[in-house]
Structures are given as C-alpha cells and as structure tokens.
Protein chains: 2
Amino acid sequence: MKERRDLDAAEAVIARPAGSVERLIALAAPDMAGVDELIVARMQSQVSVIPALAEHLIEAGGKRLRPLLTVAAARLVGAGGGSSLKLAAAVEFIHTATLLHDDVVDGSQLRRGKVAAHLIWGAPSSVLVGDFLFARAFELMVETGVLSALEILARASRVIAEGEVLQLTRAHDLNLSQATYLEIITAKTAELFAAAAEAGAIGAGAEASQAAALREYGRNLGLAFQLADDALDYGGVTETLGKNAGDDFREGKATLPLLLAIARSGPREVDFWERAIGRKEQTNDDFRRARELIIGAGAIEATLDLASDYSDRAKVALKIFPDSEWRRGLESLADFAVSRRA
Amino acid sequence: MKERRDLDAAEAVIARPAGSVERLIALAAPDMAGVDELIVARMQSQVSVIPALAEHLIEAGGKRLRPLLTVAAARLVGAGGGSSLKLAAAVEFIHTATLLHDDVVDGSQLRRGKVAAHLIWGAPSSVLVGDFLFARAFELMVETGVLSALEILARASRVIAEGEVLQLTRAHDLNLSQATYLEIITAKTAELFAAAAEAGAIGAGAEASQAAALREYGRNLGLAFQLADDALDYGGVTETLGKNAGDDFREGKATLPLLLAIARSGPREVDFWERAIGRKEQTNDDFRRARELIIGAGAIEATLDLASDYSDRAKVALKIFPDSEWRRGLESLADFAVSRRA
C-alpha cells in the first residue's frame, strides 16, 4: 500500500552518510552480503519472467531494512550468520511479495523510483511472481529447521494481509478512528518489523525474554517509521523525501496527520476534507491548502511526537541487553526513524 | 487458470452416485467432516470481508479432492486423523488461494457455478484474501510440527506459481510442444495432487518408500484428471460437464487435444487454427468446426488414452501397499478420473 511505498523511500535515506546509522550498516555488511547472495540465488527460476520481474524490484534497492533487523537481532543475541541469513532473505521475499501485490491493488505507477513491475509485465505476472516469492520465503525458512521462526513469519504474513484488507475497506473514511489507523499500520507495517527482529533472535537461540524484547523493539520501530513517513508526506520536501510529497493526500488516504487536522477543523474545513478526501474531488491547489491546514492544526508535530514515543519505546525494549555495538546500532536506527524532521 | 476451473467442474461429478468412488467418499467422511470444521474455523478473521469472500468460494463446493487425498493417504499408511486433518485443510487453503489469484489473472467470470469473487468484492480483495489463505495454510502446517510436510507444500506452492507463469507466457502458442504442455499441467495441477498425498503420508509417519509411492500416485492422478478434463472441453456435453464445453477454445488455450489436432492438420486447417487460437479471432461457428477437426483427428481419443496411461501408473504406484479398503478407494478414484468418456 501507499505507506509501505513511502517507507521504501524513507529507507533509501538510510543509505546516506548518517553517522551512527552508517555504523550499523557497516557492522552488518558481511551478513547482508550473504543475505544478498541468497536473495539472488533463490529468486532464480527456469521460468525466465520470474527472475526478470523479481530482479527489477529487488535490485532497485530499498535498504533491506527488514532483513537488516533479522541479522542484527541474531548478532545482538550473540549467534549471527547461519540460519539468520536465510531467515533474513525470507523476510525480504515476504516484503517484496507484498509490494508486488500492493502495487497491483493500488494501481501504483512507481516503486523505488522505477516504473512499477505490473506496468511492464502486467498485473497477472506481478500477482504470480508475488506468490512465487512468498512460497520461496517458506522454502528458505523450512531449510533452517527453526519451526518457531516459521510460526512467527507465517502469522506475520497473515496479519499483513488482514491489515491490507482493512485498509482497503477504510481508505477514504474521514471518520476513521485513531485506534483503527494504528491497528492498520500495526498490521501492515509494524508486524513484519516485529517478526523480522523476533525471528532473527529465535533463529539465534534467544531466550524467550530476549525474543520478546526484540519483537517489542521491532514493533515500535515499525510504528515510528510509518508515523514519521505519514508526517513527511505533508511536512517534507520532495527533494529530501526521494518521492513526491502529497501522495497520500492525492490518493485520499486517511493517515494520522489528516485525521488529527480533521478532528481540529471548523465546519468550513470539514466541507473541504469531505470533498477532497471523502469524494476525492481535488483541484491543483488543494494539496497546498491541506498542508496549511494540517501544519496549522499542529498535526505534523503531534504525529512526529507520537513517532518519537514509539522510537523511545523501541530503545527501552533493548535495555535488557548489555551495552554492545549492536545494541547501539539498533538504538541509533530508532533515533533515525524520527530524526528526519527537517 | 482455466484447466483448474475445469477440474473443479470435474470434481463436482464425483459427488454423484458413482459406485466405488462413493465408497471412498463415505470412508473418508468422518475425517473430511473434521477438515471442514478446520476450514471454517481458520478462514475467520476480525476483518469481515475475509471470511465473507473465502466462504463464497469455499462453501460453493468443489469436492475437496485434494484434502481427500491427504486424509486417504494418511489412512492408507495407517495413522489417519490428527495432523493429517490440519495438513488437509492447509492443502485446501493453498488450492483456494490459487483459485482466487487465477480468477484475477484470467479475468474469469464464473467459479464453481457462482460469480467469481473478484467481480463481487473486486480484484484487490481477491488478491489479498488469497494471500491471507496462503499464510493461514502455513500457520496450520506449523501447528502440526511436521517440517517435512511443510517442505513438500512450500515447494508445491512455488512450483504451482512457476507453472502459472509459464502458462501465462505460452497460453496462445500454437507451437507449444507436448513436452511443454505436460510441464505446465504437471506444475500447475499434478504437483499439488502429489504434494497433498505425500504430505498426508509423511504426517502419518510413513516410511520413505510409502511417501514416494503416494507422491507418485498423486502426480499421475493429477495428470489423468487434467488430461481428461482437457479432452472433455472438446468431447463432452455441457449438461454432463457442469460447465460450458468449449471454454478452453474460446480462451484460445493450447491444450493437448488442440495441439494434437494441429499436428495432424493440413494447410487449410492450420490457417483456421492460426486465426481462431493464435489471433483469437473467432466466429460463432468456430467451436463447432474446431470440435469436428479435433474429433476427426482422433485427438480426443489420444488425449484420453494418455490420461488412461497416467491413471494406470497411479494404480501401479499403490501396489506396494497391502490390499485394503483405502487402497481400493484410491484405485477407484484413479479409474474415475478417466471414466467420464460418455
């Protein structure tokens, strides 16, 4: 869905020199090279359309944040490499499968700065290659023999689908409650972050308390990322974002900045929101007005404050682990998730 | 895809009083009641669109032939019930997920005699509910703790997707070789039959030779069913089929009866096939002519002869098991697959 695309744009920012986040990326580089090898090897098929389509999306980048969580969680627990690389590749395949299906569902034009796969190979191929990658993910997980990691990622896959359907049925609903909004982003974004970290821990033989802590870290990190991203869609600058500001607005998507602004609106503004979002009748100048209303209502700040809360909770969850380079790396990632205010 | 829909129509015939097949169905009835309960319980979700859409398809029937194979294989090995019911429900969920995605891919109008789900709830919901059911299948499998059954069904899911993509890229190809045709139907149909039987055996603690025999049985049974179905599309009568004869032709699908007829055609007929299938320019009378050419070329008989070969191979594969009601039931199912000539 849309927010997931935003998130990929946000992930792209991580590639920039960014101090401490750079350190985590450097720390994880050897493991991530192994993950990349697995990804390339396992997206192969005798049916040539499959690797061609998968490569288009996978090699377009995205910072592989979710598999990074898996390998970092395993390293934090103390037993990186090995099965954590396969679990990380499986996590990326699940993510890629959902991106392929989301782009078909949304009729998206762009993904990771490239023309969406379904516009090149057709929606049928995107659906079926998504299915292929999803199945491949489970084949990789089976190879690790870690049944509890399979359980975590099977459940996550199911919860993501539920979140997507929920969003589909409520996308343009101005009366969406904040609780339902949080339910949607928890299911469609935070669940895979949580599962990626937890599965990495479990694969590394973590104790139950460690696995639960890393799950908690991942869940809160995912919420922080998604909230910051929803804020940046109204508060960011296109050049900085690596995507167009205003995409959520133009798609009429009810994200938190918009819901907060609506809650604080007078009758005249309510008419505006009902036309522009509820009925999706928009003029060229509407995004500028929406942005003014949202900023004026303090909705960007409120959304980023909530993102900061989740980022803090993510860091707190790591406190059961002794200080280490990996813990500091994951903490800095939580800071990074909400530091993109400018 | 199309042939899979035909197959569902063929499966519906199994419900009729048909002597020995009735016996297998009666034998398996207690287990299948347990499978049905699991299916209904596990298609539930707080997101109400999901069970509504899943129910539309699942309760429309289809004879649950694939889960029947799973429970019968477990019983033949001697340890039915238990985990075989969960594996059987998982098999049906995988099948249902592929049906949902296939209907979107093909733009199909009808499924199991009802309006296709994507025409009621929209293609996006069909794609996402398919993903939900696929994930649910893996959750069910994880619950059994039988990692080798997971491996078998994860691989089958991947092979099915590969077969679907292969078919998508070769659907209207008059020069499709018989080898490629068999490769396609092996992947998209026979693989799940094989995996359903093998997983049931493995879940029941089968020896390697027993599991391999049941896989071989399932694979050959699936090929026999699909070939008979492709023949019936030209040789059958609409009322008997429970679907319209000629669907494959109207979709321009290169199935074996057509490929055999083309191979035996003179230059004038080749022009006809190139127009009607290659370019899909069809007139109302074309199906009648195609049927005459195909019957005249002996292509129906040749296709059914090949189906009979596979049916025989399926029965031979069962010979390692001592005589029992379950073995006889599975043998009669193989006979049934190709006995629908009239």
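Taken together, the values in this text are just the output of simple stated rules run on the coordinates, not laboratory data. Note that the structure is predicted; figures quoted are calculated from it, not measured. Counting neighbours? That spans all protein chains shown, and the Cβs are built from the backbone with ideal geometry, glycine included.
Mind checking A:120-128 for the average number of partner chain beta-carbons within 10 Å of each residue's beta-carbon?
For peptide A:120-128, the averaged partner shielding equals 6.
For a paramagnetic label modelled at 7 Å from the Cα of B:His172 toward its Cβ, which residues of segment B:287-306 fall within the zone defined by backbone nitrogen distances under 20 Å?
Label zone hits: B:287-291.
Net charge near B:Ala213: determine it from the other residues with C-beta under 10 Å of the C-beta of B:Ala213, scoring Lys and Arg +1 and Asp and Glu -1.
Values: positive: B:Arg215, B:Lys319; negative: B:Glu198, B:Glu207, B:Glu216.
Residues close to B:Ala213 contribute a combined charge of -1.
Nm distances between the label at A:Asp173 and the same-position labels in the remaining copies, 7 Å along Cα→Cβ, shortest first?
Computed spacing set for this position: 4.6 nm.
Counting helices only, and only those DSSP H runs with n ≥ 4, report the 222 nm mean residue ellipticity of chain B as the sum of -39,500 (n - 2.57) divided by its residues, in deg cm²/dmol to the nearest 500. It would help to have the intermediate numbers written out before the result.
Working: 18 runs with 250 residues, N = 342.
So the helix-based figure for chain B works out to -23500 deg cm²/dmol.
Lys/Arg Cβ at +1, Asp/Glu Cβ at -1, dipole of segment A:2-330 taken about the Cα centre: which of A:Ser48, A:Leu166, A:Ile184 is farthest positive-ward?
Working it through, the farthest residue towards the positive pole turns out to be A:Ser48.
Kindly provide log₁₀ I(q)/I(0) values, in the same order as q = 0.05, 0.06 Å⁻¹, from the Debye equation applied to equal alpha-carbon scatterers of the protein assembly as shown.
The Cα Debye sum returns log10 ratios of -0.26, -0.37.
All other residues with a Cβ under 14 Å from the Cβ of B:Ala204 taken together, and with Lys, Arg as +1 and Asp, Glu as -1, what is their net charge?
On the way: positive: B:Arg75, B:Lys86, B:Arg215; negative: B:Asp31, B:Glu198, B:Glu207.
Within the 14 Å Cβ shell, the charges total 0.
Averaged over A:63-76, how many beta carbons belonging to a partner chain fall within 10 Å of each residue's beta carbon? List each step's numbers first, then the result.
Details: counts 0, 0, 0, 0, 0, 0, 0, 0, 0, 0, 0, 0, 0, 0.
Taking all residues of A:63-76 together, the mean is 0.
Calculate, axis by axis, the spread of Cα positions in segment A:2-330 along the three principal axes, and write the results as whole Å, longest axis first.
59, 48, 34
What average number of partner chain Cβ atoms lie no more than 10 Å from the Cβ of the residues making up B:150-157?
Values: counts 7, 6, 1, 3, 11, 5, 1, 7.
Taking the mean over all residues of the peptide, I get 5.
Of the listed pairs B:Lys63/B:Lys86; A:Lys63/A:Lys280; B:Lys63/B:Lys188; A:Lys114/A:Lys280, which have alpha-carbon separations greater than 21 Å here? Write out the running numbers ahead of the final one.
Values: B:Lys63/B:Lys86 17 Å; A:Lys63/A:Lys280 33 Å; B:Lys63/B:Lys188 18 Å; A:Lys114/A:Lys280 26 Å.
Those over the limit are A:Lys63/A:Lys280; A:Lys114/A:Lys280.
Let me have the relative contact order for chain B, percent, based on Cα pairs under 8 Å that are six or more residues apart.
21
Once the other residues with Cβ under 9 Å from the Cβ of A:Arg155 are scored (Lys, Arg +1; Asp, Glu -1), what is the net sum? Display every interim value, and only then the final one.
On the way: positive: A:Arg158; negative: A:Glu151, A:Glu191, B:Glu139.
Every neighbour counted, the sum reads -2.
Rounded to the nearest Å, what's the spacing between the alpha carbon centres of segment A:73-119 and segment B:188-236? Just the number, please.
33
With 19 Å as the cut-off, how large is the P(r) tail for segment B:29-114, expressed as percent of Cα-Cα pairs? The partial results should precede the final answer.
Numbers: 1473 of 3655 pairs.
The answer is 40 percent, as a whole percent.
Between B:Leu110 and residues 5 or more places away or on another chain, which pairs have amide H atoms under 5 Å apart, with H built 1.01 Å from N, and which residues are they?
Residues meeting the criterion, in which the H sits 1.01 Å from N, are B:Ala116.
Averaged over all directions, how much area does the convex hull of the C-alpha atoms of segment B:148-251 cover when projected, in nm²?
Details: hull surface 29.9 nm².
Seen from a random direction, the Cα hull of segment B:148-251 projects 7.5 nm² on average.
Name the helices (complete DSSP H segments) of chain B with a Cα length along the long axis of 30 Å or more and a Kyte-Doolittle mean of at least 0.0, or state none.
Details: long enough: B:20-42 (32 Å, 0.79); B:83-106 (34 Å, 0.62); B:123-144 (32 Å, 0.93); B:147-170 (34 Å, 0.56); B:208-235 (40 Å, -0.13).
Span-like helices, by this rule, are B:20-42, B:83-106, B:123-144, B:147-170.
Mind checking which aspartates and glutamates have their C-alpha under 18 Å from B:Lys319, skipping anything on the same chain fewer than 8 residues away?
Result set, ordered by chain and number: B:Glu198, B:Glu207, B:Glu216, B:Asp309, B:Glu331, B:Asp335.
Report the label-to-label distance for B:Arg328 and B:Ala60 in nanometres (one decimal), using points 7 Å from each Cα along the Cα→Cβ vector.
That separation, rounded to one decimal, is 3.7 nm.
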